[in-house]
Amino acid sequence: MNLVELRENVSMVVDEAVSMRRYLHQHPELSGAEENTRAYIDGRLKEWGIPHRVCSTNGGIVADVGTGEPCIALRADIDALPIEEKTGLAYASENPGIMHACGHDIHTAILLAVGKLLKQQEKQLNGTVRLLFQPAEETTGGAADMIKDGCLENPKVSAILGLHVAPTLPVGKAEFCVGTMNAAVTDFSLNVRGEGCHGAHPEQGVDSIVAAAQIVTALQSIVSRNIAPTTPGVVTIGTIHGGTKENIVADQVTMTGTIRALEPGTQKELKEAVARVAKNTAAAYGALVDVEMDDVCPALINDDRMLRRMLDLAEELLGRENAVRMNAPSLGADDFAFFSDQVPGCFFNIGTLGEVKDGQVLHSAVYAPEEGCIEVGITLMAGGVLELLQSM
């Protein structure tokens, strides 16, 4: 299929893709509870005659178009967020307190459309295209569970592509990042243990709130004093809870936070520093602290060869002015990193910014992507997989 044929074929599925996106947007579901979304995907794949199976680990869907090797995978995440939608769209969420505010409805609609398009051209494929519909991206890292279930095997996946909407980028553009694109994530909890007493006699106890306050302040020095100024890193405290009454010295405070870094060595250094600073600061105030850490997601690193091939393809399909490079990596995370940690991968952004500009950020209750991005996504995903199959 040449580029002219690709554009013609994409144009024939765009309207249906928009319709699918609107249905998914109206019926969002939270991580781990994507039953209707899964049923909808299942129904469309059956309608088009695309064989598929459901992962036993988390209900993700694995579908194949074509046969044999090489096998190129395409991934879309399918879960939504606990946000009350305020866009006022005619197809706004019908599920109270739940919204596709991160564009996963668009990701899923694009992958469904690519699946239909490629199924129609199946005889021309020299290999397999694997469609991965992944749940729980926003919470438990559903990618890792799908990998454990064997989604990258039989046939073995040689490479994987994924995309994400980008509300800061004008619609019609695609954005690529060489090397590390997103940070590794470690979430942590700190349980500060003091000794409770009457608030009028603080000398009789150990104030866990005072110790916790000092820990929060001390943690802020880690990035500025423990890693080089040229090395990106983040230590954030997101929650803090302690105390039961105004006249009681609290015996316990719990805090949770997140550590982000682009390099494994930096991540390790930040984890060690958080534990050391928390324990030593607590000790200085006579308190103890229990530290728990959970490595949530590795860094998302684009394969150099795939990235450059996709960038060249985007310049050809969209125009050189519409294929742009990221100025800097993001300290945000995406569990596509689990896939690209196993096989060569390329993850890129597609612009969604249209006439509406106020509040257009991810996870916003008023995020309303310009739907022209869907055609861009289908074009790049379909074109990318055909390019990779031919080159392999």
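One table, with the values for the structure above:
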read-out: Those residues of the stretch 323-333 which are of a type outside the set (Ser, Thr, Tyr) and either buried (at least 17 other Cβ atoms within 10 Å of the Cβ) or touching a Ser or Thr at 6+ places or on another chain (Cβ under 8 Å) (or both), in sequence order; value: Ala323, Val324, Pro329, Leu331, Ala333
read-out: So Gln252, is it touching a residue at least 24 places away in the same chain (Cβ under 8 Å), surrounded by fewer than 21 Cβ atoms within 10 Å (Cβ to Cβ), in contact with a strand residue (DSSP E or B) (Cβ under 9 Å, 6 or more places away or on another chain) and not assigned by TED's automatic domain parsing to the domain that holds Gly377; value: yes
read-out: Criterion: hydroxyl-bearing (Ser, Thr, Tyr), in a helix (DSSP H, G or I) and at pLDDT 95 or above - qualifying residue of Thr266, Thr244; value: Thr266
read-out: Residue satisfying all of: in the stretch 151-166; over 20 Å from the mean Cα position of the chain (by Cα) and in contact (Cβ under 8 Å) with a residue 40 or more places away in the chain; surrounded by the most Cβ atoms within 10 Å (Cβ to Cβ) among these; value: Val157
read-out: Residues that are of a type outside the set (D, E, K, R), more than 13 Å from Glu137 (Cα to Cα) and modelled with pLDDT of 95 or more, drawn from the stretch 52-67; value: His52, Val54, Cys55, Ile61, Val62, Ala63, Val65, Gly66, Thr67
read-out: Tally of residues being outside any helix (DSSP H, G or I), in contact with a helix residue (DSSP H, G or I) (Cβ under 6 Å, 6 or more places away or on another chain) and under 18 Å from Ile98 (Cβ atoms) across the stretch 20-48; value: 2
read-out: Any hit, the stretch 5-19, residues being assigned by TED's automatic domain parsing to the domain that holds Tyr367 and part of a loop (DSSP other than H, G, I, E, B); value: no
read-out: Strands (runs of 3 or more DSSP E) enclosed by the stretch 110-203 - at least 3 residues per element that are over 30 Å from Asn247 (Cα atoms) and touching a helix residue (DSSP H, G or I) at 6+ places or on another chain (Cβ under 7 Å); value: 128-134, 157-170
read-out: Boolean, Ala337 is under 19 Å from the mean Cα position of the chain (by Cα) and more than 24 Å from Leu112 (Cβ to Cβ); value: no
read-out: Checking Ser189 against (1) small (Gly, Ala, Ser); (2) under 30 Å from Leu313 (Cα atoms); (3) surrounded by fewer than 16 Cβ atoms within 10 Å (Cβ to Cβ), the condition it does not meet; value: (2)
read-out: Candidates Glu47, Glu16, Glu8, Glu34 - the one that is on the phi < 0 side of the Ramachandran plot, touching a residue at least 60 places away in the same chain (Cβ under 8 Å) and surrounded by fewer than 16 Cβ atoms within 10 Å (Cβ to Cβ); value: Glu16
read-out: Test: Thr57 is in contact (Cβ under 8 Å) with a residue 60 or more places away in the chain, among the β-branched types (Val, Ile, Thr), surrounded by fewer than 18 Cβ atoms within 10 Å (Cβ to Cβ) and assigned to a loop (DSSP other than H, G, I, E, B); value: yes
read-out: The stretch 96-127: number of residues that are farther than 14 Å from Met381 by Cα and among the β-branched types (Val, Ile, Thr); value: 1
read-out: Matching residues in the stretch 278-322 - criterion: being surrounded by fewer than 20 Cβ atoms within 10 Å (Cβ to Cβ), in a helix (DSSP H, G or I), touching a residue at least 60 places away in the same chain (Cβ under 8 Å) and not assigned by TED's automatic domain parsing to the domain that holds Glu387; value: Ala284
read-out: Residue in the stretch 56-70 that is over 30 Å from Glu355 (Cα atoms), within 20 Å of the chain's Cα centre (by Cα) and among the aliphatic types (A, V, I, L, M) present; value: yes
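So that you can scan it fast, the table gives a plain yes or no per residue for (1) at pLDDT 95 or above; (2) closer than 30 Å to Gln204 by Cβ; (3) aromatic (Phe, Trp, Tyr):
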site: Leu288; (1), (2), (3): yes, yes, no
site: Glu292; (1), (2), (3): yes, yes, no
site: Asn302; (1), (2), (3): yes, no, no
site: Arg309; (1), (2), (3): yes, no, no
site: Leu313; (1), (2), (3): yes, no, no
site: Phe336; (1), (2), (3): yes, no, yes
site: Val356; (1), (2), (3): no, no, no
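The values are calculated or read from the model by the stated rules, or taken from the named source; none is laboratory data. The model shown is predicted, which means the values in this text are computed figures rather than measured ones. Glycine gets a Cβ as well: all are built from the backbone with ideal geometry, and neighbour counts include every protein chain shown.
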